[in-house]
Structures are given as structure tokens and as C-alpha cells.
Amino acid sequence: MQDQLSALLAKAAAELPAVKTRPEFEAAKARYVGPHGELTALMKQLGTVPKEQRPAVGRLINEAKGTLQSHLDTALARIGEAELAAQLGPAVDATLPSPDSGPGTIHPLTQVREEMCRILRKVGFSIADGPEVETEFYCFDALNTPSDHPARDEKDTFYFPVSARFGNVSKKVPEERYLLRTHTSSVQIRTMLKGPPPIRIVSPGRVYRRDTTDATHSANFHQLECLYVDRKVTVRDLKALLDYIFVALLGKDTKTRFRPHYFGYTEPSFEVDLSAKHLPKVRKEWIEIGGCGMVDPAVFDAVGYDSEVWSGYAFGMGLERLAMLLYGIDDIRYFYQNDLRFLRQFG
Amino acid sequence: MKISLNWLKDYVALDASVEEITRAITFLGFEVEGVATTGAPPLEHVVVGEILTRARHPNADKLSVCTVDVGPAGGVKTIVCGAHNCDAGNRVLVALPGAVLPGNFQIKESKIRGQSSAGMMCSPDEIGMGTDHSGLLLLPGRPELGLPIHQALPPGDTVFDVEITPNRPDCQSHLGIARELAAWFKLPLLYPQEKFRGVIDESAPGGARPDLLRSVRVEAPEDCPLYTAHVITGIKIGPSPQWLQDRLVAVGLRPINNVVDVGNYVMLETGQPLHAFDARRLEGNEIVVRRAVDGETITTLDGKPRTLSHRMLVIADAKAPVVIAGIMGGENSGVGPDTTDLVLECAIFKRQSIRATSRKLGLSSDSSYRFERGVDPHTALEAAYRAIDLILETAGGRVTGPAYRIGSDVPWQREIVVTHDYITERLGFDIPAADMRAAFEALDLTITREEETVHPARGPAWTVNIPSWRDDLDRPIDLVEEVLRLYGSDRIPPAVVQSPGLEADDDPIVLFERRWRDYLVGHDCHECVTTTLRPAKEVMTWSSHAAAAELALANPFVEDQSHLRPTLIPGLLEALKLNQSRGVAADRLFETGRIFVERNGQILECAAVAFVLAEPVGTRSWLSRPAPDFYQAKHHVMALAAAAGAEFSRSPLGPISGASGWQENHSAAAGDLAGPGWIARFGLLNLALVRAAGLEGRIHAGIFAIRPERLSREATRRRYAEFSLFPAALRDLAVVVDRSVPAADVQKAIAKAARAAVGNSFAVESVKVFDCYEGSGLPEGRKSLAFSLVFRSAERTLTDDEVNAAFQKLQDELTRVAGYQVRK
């Protein structure tokens, strides 16, 4: 029996290291310890061994079984490792570039808009939106722009034929014409007509002017406007907002200044200058960044707010201009060409 | 408008520096677009000297050593000079040690190549007079030695280019700006002295000349509220005196002759346009202010014939129009070299009428510019008298009459009551009442009455008289601005932003656009911004001709930007093309923005997102990736739709109908703007169109658009649904169907049959297609679709037997009812 066991173990020790795959291993395992396996057959012989020898033989068989099992375990571990190694393939060269293009990028105009909205969100402005196709009432009449004002001229504003029908842009009066909004102030009118004050909104969006396209002009561009209407809103509050915005955007040393100006929808009105030392490619002490003022009582009249009770301020600026100043871009057309070498610079 | 500093000084004794005046104009509310200085600047230690001797520099060929006599300013100096024209006898400007020339160039005694030099002789550019540095500035007329530069050279001027806001027509004049500056610097305003006061001496030699102007009739008083005419005889046309010419030249006008120049001068002084006729060239010696007759013509002073219409106001004589009222005179009636008698018109024309005519004719002038913005009718006669004074002064002659004055001159009267408290409340900070009062007075806004308000602490109430030229001041709020202007809008005290909480949320469109953008950027796409206005041809490629017609602007500016965009795709293709042509690899682009889609004869403005996925062309990689395909586009569109809350799975997919840039049989559409309020299009772009656009390779794309008002709906809160923890039972099933049968139909049929087969005993969790096959082993025109079915129970582990039984029943049912051939 002992010889048989030794021979079996020797055979297993010789055979198992050569087993390469899991099916081969399973077959080999069955040959030794399966129901018809060689070791199983030897174990069955234990019954024929004289009674007094049985403990010793039993011990031998158990020892052999243990040894065989360790041969099997070793073989299985080796096969497992070989399988994992096969999944790996050759070592990578980590310095090779990824063939995937990317990462995707967010347009600089979007980034500037989002940054401004984030700054304004912090002081309680919510973002309002409105149609780009507008009517004369929302774009002009309600904003105290008389019907013969040059801004309303067909020379400066895009109009649609009288027959045009826009299903989801409401008219105030049936006879007014549709046009492409020249500023996002129309959103202010729609917001004020929707509900009572107080309101505090920022309206970014695309606007249109009938203008030659050149390095600083484009037929469509983007604006961002703020409107705050409440009791006792003052000029000082407006200045505080502008100071806050540009300090948040450009750092605590940034200064703004107001120069008196004229806009039909605000009184008093100001142009806003920004101290330019932070800005690339600007060789002036101050640079104009937008317009603002206290909402003209005529605008409140147009939307049915009592101008004796409510006061408010409005501020507006061009997003392209802001982006050009922030990034030092000197041609507005780059924004609409979408050259990836341009877009990738802003991430 | 160009404003001359010398001219301003006639009315206000300005001694402030140019910088201070520039700042004053700026903070008064007028943007200074430029400041130009002519003449010599008052540089210290720059004086007249005469070159006595000139000798070659011993150590430098191109330099000379000169002795220069600067007279009382320091006697004879030795100066090294590099100019070619430093010849003895020339009188030149000498910058002595201590002088600081423009560009902070400090003059010191120095040694130049071993030769000491006690100053510098100057070329024009070195003293800031132009850019000429070819040689020394030689002074004509032998000015006195030692004379300072600004006395030696003709006096200069400073001209401010000022943008006048439309609310301040009174400042379209030197007097208007002077009035503002007088208020700012707290100086008195000096009006020009008037001699003629409207009194005509008919007994003077020559007497009255009613024959020269027999009648003046205003037939269109609604367009011409005031018309005045004066006859001046015996004038002599000639050049204007130098001072007058200098002023006109300084502000950019060309002197013509004394009478025309006076007209321009008075307009630039007072803001009131004037016109002078040769009295002898007025047919019938009469003036009619009337509307033109349709088709009437006039040749204007610029030599161009103009055809008039019945809405245009003209000044006519007995025969024909001689002036387009307030805009431009005709060639035939103007003042010429031989004019001796003239009619001086000073009138007020209605701004709307002038604006409409000017625009219609595409003709504007300094005169029409002012009338369009508004001219004060109450100071018109003063301007006429001023012009008469200057004509008599420069051209001689005599006012003979007759003088006409037609139209009503309603006396001007306006008062605004404003309280100190009101102004303080609007400003948000305190300006002392005395300062406010001073501001009003400085601007000629006379306080006619001051009262204490009910609450003395709130300060006084003022009744403020508004002068006729300040028609822009109408309400108390307008006076707030006046106070702040003079106080200084750069003095608004700093404050902290007050932001009491308001219940308001961002517009949903912002949220959705942000989601779309995040999704696509996360899939390596680059955000683009393209133009909304597109060419007609392109729009007709992407939508029907009828729809394109609805998208057209009434007044496009350029031909290739005539229509609203019905889709974002062409803009993205343009961006691909631009990158491709510049040799920049670009394959994944997207844009979010508005598109305009026709539906049932109406245009709907929609929020949209679109992307293009191009096959990489011309770029090679050491490791290749599969090219984008239809199902990638579908995947992205579905994700974008889901981000907007659109239930894509409930909407049937169909082919894209009508005109479009999509490739038939390789693209699909879903949604409806009229129903669910959104649409989606995706798939392969039309190959021919892409090639015609100059692009190579296949481009897959997708667009999702939604009516913004549909985005505003509140999202319903999701509810948790329980799921089974028992194991699933899996079965695979393949069926053979016609190639044309959509997989989704087969899937639905199998799911339905499966649910029927299992009944209530357990659940069909999913039925998914995992293989689609055509080719060998299958009949022509047939395809095999293989599905994986998942069965599961919420209560127990399913047995093989029950699943097999249900599966068998399902197969029988499919064969029997749906007629599918189930593959074994």
C-alpha cells in the first residue's frame, strides 16, 4: 500500500506542474480524487487491510491525501496566476498620449456669464430669462423709449414683417411689431408685469443690433442686466452693488466710478468705469464697463408699479466686452468662430 | 461735438488746466472722446534764440557746435546740435537747462562727445507740435530774443471732442457747455453783448425795403411753430476775419465767406441753426413754408438732386423749394460772392418732421442734427440778433426790414417742487441743503420759493424755476440728478450691498442649459457660440420654404444674415469647417441656444441643445477608436431629453420628414412641439450636404429643442419602488422577422406575450435585444433578433420548471399570434 501511495504521489508531483489550463486541472483532479480517482480507489482498499494494520495504513492514506491536496492547490494557484497574467498583456508605456480627444470645454462667454451670475446669486439675485424675439412694447415703449427714438429705427433694430406670428411670444397690443431685442431689459419688463415687487433679478442673454461686424461689433452679442426693485432703493445701494460685483470679480483693490449719463429708462443714469490696472492690454486708468441708474418712474408706470412707493436700480453690461477685458481678447469675432485653439485656452 | 477752449473762454473765465476741464466735462455727464491741442504749449525755459555761429563738432561729423544768443534769458550759450538747419542767423526755440519737454524729457547742461552744451535747440516734435523732426523749427518774423515759446508762436487752442447725450440739446453749443462749466467751477457765465435788439430804423438812408421780401407764409405751422426772417441790405461778401476763421477751423469747419461763417458760428455758439438767402434770388420775393409736393425736386448745396415727398417740409419761394427746411439749402438760393441783400432765416422746425425727412433722404447736417434733438424756441430770436450783429460787423450792411415773425411763442413757464428729504432718500446719503441750493442756482435753476416741510428735520421744500433750454427737467427725480452731477458722482460714499432675502428661483431654462452643458462637456464636447441670423439658402435647406419665409427679417443688414435659425446644426458645421480648414482637429462640438421652429403656421421660440460628432479626418493615432455612429447620437439625445424632463421612451420614433439636412434611413425624429412641447432629431447628417459644406467624413449629430414655457413645470417628486432580492431566471430567445420590422415592435410583442405567459405568478423584469443578425443561414430580406429575458419573483426563488413552462408558452404564443419564427 505504501508503495502504491508513494508511486501515486510521485506521479502526481510529476504530472500536476505540467497542467496548464483549468479544464486540464479539473480532469487531473478527477483522476486522483474524483469518484473513480486513483486515490479514491486506494482508499476503498482500506477495508481489505487487516484490522490491526488499519490505523497505520489509514494514517498513510491521510498523509498522502494531504500531500496530494497541496500539489493540487499549488497547481490551481499557478493556473489562477497564469490566467490573470494572460489578462494583462504587455506592460503599458505610460508616456503614450491617450487617443481620446478632450476634455470638453465651456465657452468663455458662458464662463463669464456663470461667474457673474454666481457673484450676483450671493447677494440675492435670481436669474430671469425671456424671449429673444420681442415686441415693441417690451423692448421700447415700456422702457420709456418714444416711438421716434433713433434706437427704434429700422436702421438700428431688426424687425419682422407685420404678418409674422410667434406662437409663444406674447404681444401687449395686437398692432405692435415683433423685433429682435436690442437689450435684455425686456426681461425686466416681463418680470415686473408677472408679479409685484420686491424683485431682484439678473437677466443674461443674447441681444441684437443692426450693426456692421468688426473687431468690436457683432450683429448678435450678449448682455447681462440686473434689476432690483424695493422700498427705498438708493443711488448709494446701486454704487454698493457695482463695487461689490467688481471686487468679487477682480479683487479687493478694484474700484468703480460713476459718470453721469443719459438713458431713457433710468434717472439718474450713469456710465460705470472700472479701474483698469488688473486688466491685460488696457493702457488707461479707467475703462467703461456698463451703464446703470435708478429705474425711471415712467418705467414703473408702464408696468403698473406705484413709483411713489417703489424705487429701484438697474445695471447692464456687455458680456463680450467683459470677457475681452478679463482675458485680454482684442477681437469680438473670436467668440463666434469657435477655433478650438481659442476655446481650449479657457477650459 | 467739438468744443474749443478759447471759444469757451469768451463766456466763462476758465483758468483750470485742460485735465481739470476734461474731468469737469466728464463728471458733468458728457464723455470726452478726445482732446487735441494746437499751437505752442506753455513750456517753461523754452525761449527764442538766434544762432550766431556754427562750427563742425571736433569729434562727430554729424554734429555742430553753435553759439546761440537767447538775449535776456541768459545771453550767449554754446549748444551742440545735430540738425541740418542750425545755420547762423536763424531764430529758433532753445530749451534751456531746467526745461521739461513733452515725454518728461529734462534738459540739463551736458557734455556731448567731449563738447559741453548748455541746452537744446528744438524741432517741432520735441516741443509737442506735431511729429516733424526733420530739422529745427525756424521762427519767422524775427521774434524778440528771450521771448517765451507761447508768446513767440501763434496762440494755440485746445479742442475737446465731447459726446452730447440726447437729453441735452442745449449743450450742442459752446454757450451750453460754458454754462455747465461755469456751474462746475462756480464762475459767472458771460453772454455775448447784443447790439441789435430788433429795432429797425426805417428812416436811415435807403429806407425800408419791403420789395425784397414781400411776404412770408407758413402753410405748415404744425411742422414750423416759429419762423422769423430779417432783411439785411448792402452787405459785402468776403472772407471772414481771422479770429472767426480760426474758431471754425478749430472745431472742424471750413470757412466759406463771412455770411455763411457767421451762420455757422452762431449755431455753434447758441445751438440755433440759421439760414441766409440771397434776397434777389428768391422768386417773387416771397417765402412759403410748406410741405413739398410729391415728386418736387431740389438740388442741395452738396450738388445732389433730391426728390421730395408731401411729408417733407420745405422753404419755397414763389416758384420752387429753395431749402429742405432745417436740413440743407438749395444751390439756387444761397449766398454767393455777388450777394448784397440777404434774408436771414431763424426758425424752429418740429424735430419729428426733420428726423423723418433727414432719414428718408439719407441727408443730415449740423443743422438737422440739432433740430432732431430739439432747439429751444424761446431763445431763437436772440440767436437771430446775435447773427445780425456779427453780419453787420463782418460784412457791413444794414437791417432794413421788413422783419417777419410768424408763429406762436407760448411763454415758457415751468416749476418743479422738490424737497431736501426727497433728494436725500433717492441718493441714500446726505448732501447739505445749502449745497443743493447752490447746485440749483449754479445751473440757472432759480429757487423761487423755499419752505420748511411739515417735519422740519426733513429739510426745506424748494420751488425750482426751470429755464426754457432745460426741457429735459420735468419731475423731481430729474433734479436729483442735477444735484448729484454738481456734487460729483464720484463722491457717492461706499456701502455694503443690502440683500434682504427674496423668494425667487432661477428661471428653469438656466438650470436645464447648465445640465445639458455639463453632460456634453463631460462627453468631451466643446461648447460653441454661433450666430442666430443665417442666410436664406441655409434656412431653406433645413426647413420648408413656407417656414423659411416666416423666419425672414423685414430689414436684414447683410444678405447672409437674413433669417432666424431653425436649428443649431449649420452653425456647428461652420465651426467644424473653420477648424478643419485651419488644420485644427475638432470632432465634438455643441451649442445651447434659441432656435425658431415653425409649427402650424406659427414660429415657436425654443430652447435648444445640439451636438455634432465628426469622424476624425486627417488625424492619426497610435491607437484607434471606433468612429461615432447613429446609436451614440441617439444615446446623447436621449440623455439630453431626460435632463429636460422629456419622456423620450413614450414618444414614437419616426423618420425625419420634409426638408432637412439629415440622411434618409440613417436619422430619426421624436417628439412634437404642439403636443409634448419638444422635438428631437438625430442621426447621420446628409452626406451630400456635408460634402457641399466643404467637410470630409461622416458626421453624426443630434438636436433637442423644447418650448421654454414647458420647462417651467414643477418636477414631480419620485417615489421609491421596492425591488426583489431573490435571484433572477434568465432565458434567451431569437426570432426571425422581416428586415423592415422595427426591433422595438418585436421587443414590445415579446414583452407583452411574456407578461401574458407568466400571468400573476411572477414578473417579467426585462426584455432586451442583444443580437441583431442578417446574412448566411437566413433567407434574403429576413433578420434575426435575439432577446434576453429576465424573470423574477418578489417572494421566492423561481424553479426551472415554472420558468420553462412559462417560456414554452411564450414561444408558442409568439408563433401563433405574432407569426414570428422562433429560432430553436
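Only the coordinates and a few stated rules stand behind these numbers; no lab work does. The model shown is predicted, which means the values in this text are computed figures rather than measured ones. Note that we place each Cβ from the backbone using ideal geometry, even for glycine, and neighbour counts take in every protein chain shown.
Rounded to a whole number of µm²/s, how large is the Stokes-Einstein D of region B:210-406 at 37 °C and 0.692 mPa s, given Rh as the Kirkwood radius over C-alpha pairs? Reported coefficient: 199 µm²/s. Listing A:Tyr228, B:Tyr227, B:Tyr404, B:Tyr720 from fewest to most neighbouring C-beta atoms within 10 Å gives B:Tyr720, B:Tyr404, B:Tyr227, A:Tyr228.
Quick one: grab the alpha carbon gyration tensor of region B:415-486, order the square roots of its eigenvalues as a ≥ b ≥ c, and give me rounded if a/c is under 1.5, else prolate or oblate depending on whether a/b is larger than b/c. Prolate, because a/c is 1.5 or more and a/b exceeds b/c. To the nearest ten degrees, helix A:108-122 and the longest principal axis of the Cα atoms of chain A are 80 degrees apart. Between the residues B:Thr299, B:Pro556, B:Gln272, the greatest Cα displacement towards the positive end of the dipole of the protein assembly as shown, with unit charges on the Cβ of Lys, Arg, Asp and Glu, is found for B:Pro556. In summary, the lysines within cross-link reach of A:Lys281, defined as a Cα separation below 25 angstrom excluding same-chain residues under 8 places away, comprise A:Lys252, A:Lys255. Close amide H contacts of B:Ala554 (hydrogens built in the peptide plane, cut-off under 5 Å, sequence separation of 5 or more or a different chain): A:Tyr159, A:Phe160.
Is it possible to state the helix-based mean residue ellipticity at 222 nm for the protein assembly as shown, with each DSSP H run of 4+ residues giving -39500 (n - 2.57), the sum divided by total residues, to the nearest 500 deg cm²/dmol? What is it? Mind showing how you got there, number by number?
Details: 33 runs with 350 residues, N = 1171.
Theoretical 222 nm ellipticity from helices: -9000 deg cm²/dmol.
For B:Lys111, a cut-off of 18 angstrom between C-alpha atoms picks up these lysines, skipping any fewer than 8 places away in its own chain: B:Lys62, B:Lys77. For the residues of A:164-177, the average number of beta carbons from a partner chain within 10 Å of their own beta carbon is 4. Around B:Gln821, which amide H atoms from residues at least 5 apart in sequence, or from another chain, sit under 5 Å from its own amide H, with H modelled in the peptide plane? Placed amide hydrogens put B:Val736 under 5 Å from B:Gln821.
How would region B:46-153 be classified by its alpha-carbon gyration tensor: rounded, prolate or oblate, with rounded meaning a/c under 1.5 and the a/b versus b/c comparison settling the rest? Note, shape of region B:46-153 comes out rounded. Computed from backbone phi with θ = phi - 60° and the Karplus coefficients 6.51, -1.76 and 1.60, the 3J(HN,Hα) list for region B:65-70 is 10, 10, 9, 10, 9, 9 Hz; x is used for glycine and proline.
With a Cα-only, solvent-free Debye model of region B:507-624, what are the log10 I(q)/I(0) values at q = 0.12, 0.20 Å⁻¹? Debye intensities relative to I(0), on a log10 scale: -0.51, -1.11. Pair-distance distribution P(r) for region B:717-824, from all Cα-Cα distances in 5 Å bins starting at 0: 2, 12, 23, 21, 16, 11, 8, 4, 2, 0, 0 percent. When only alpha carbons of region B:169-324 are considered, Rg and Dmax amount to 18.5, 55 Å. Highest mean packing comes first when the peptides B:746-754, B:35-43 are listed by Cβ atoms within 10 Å, giving B:746-754, B:35-43. Note on chain B: Rg/Rh from Cα positions, Kirkwood definition for Rh, rounded to two decimals, is 1.17.
Rounded to the nearest whole Hz, the Karplus-based 3J(HN,Hα) values (6.51 cos²θ - 1.76 cosθ + 1.60, θ = phi - 60°) of region A:16-32 follow the sequence 4, x, 8, 5, 9, 10, 5, x, 4, 5, 4, 5, 5, 4, 5, 5, 8, with x at glycine and proline.
3J(HN,Hα) along region B:85-99, derived from phi through the Karplus expression 6.51 cos²θ - 1.76 cosθ + 1.60 where θ = phi - 60°, amounts to 10, 8, 7, 4, x, 6, 9, 9, 8, 10, 8, 8, x, x, 6 Hz, with x in place of Gly and Pro.
Report the antiparallel proportion of the DSSP beta bridges in the protein assembly as shown as a percent, rounded to a multiple of 5. For the protein assembly as shown, the DSSP antiparallel bridge percentage is about 95. Exposure proxy shown here: for A:Trp310, B:Trp184, the number of other Cβ atoms within 10 Å sets the order, fewest to most, as A:Trp310, B:Trp184.
Counting Cα-Cα pairs of the protein assembly as shown in 10 Å increments starting at 0 gives whole-percent bin shares of 2, 7, 11, 14, 14, 14, 11, 8, 5, 4, 3, 3, 2, 1, 0, 0, 0, 0. If the elastic network links every pair of Cα atoms under 10 Å, which of A:Pro204, A:Pro90, A:Pro103 fluctuates the most in the Gaussian network model of chain A? Maximum among the listed residues: A:Pro90. I need the shape label for region B:508-711. Rule: rounded when a/c is under 1.5, else prolate if a/b > b/c, else oblate, with a, b, c from the alpha carbon gyration tensor. Cα axes put region B:508-711 in the oblate bin. With the biggest extent put first, the Cα atoms of region A:108-343 measure 49, 43, 28 Å across the principal axes. Ranked by how many other Cβ atoms sit within 10 Å of their own Cβ, fewest first, the residues B:Glu482, B:Glu296, B:Glu33, B:Glu393 fall in the order B:Glu33, B:Glu393, B:Glu296, B:Glu482. Under 5 Å from the amide H of B:Arg475 lies no amide H of any residue 5 or more positions distant or on a separate chain, with H modelled from the backbone and absent for Pro and chain starts. Can you tell me which lysines have their Cα less than 24 Å from the Cα of B:Lys2? Leave out same-chain residues fewer than eight positions away. Candidates past the 8-residue exclusion: A:Lys284, B:Lys186. Of the residues A:Leu68, B:Val637, A:Leu343, the one whose Cα sits farthest towards the positive end of the charge dipole of the protein assembly as shown is A:Leu68 (charges of +1 on Lys and Arg Cβ, -1 on Asp and Glu Cβ, taken about the Cα centre).
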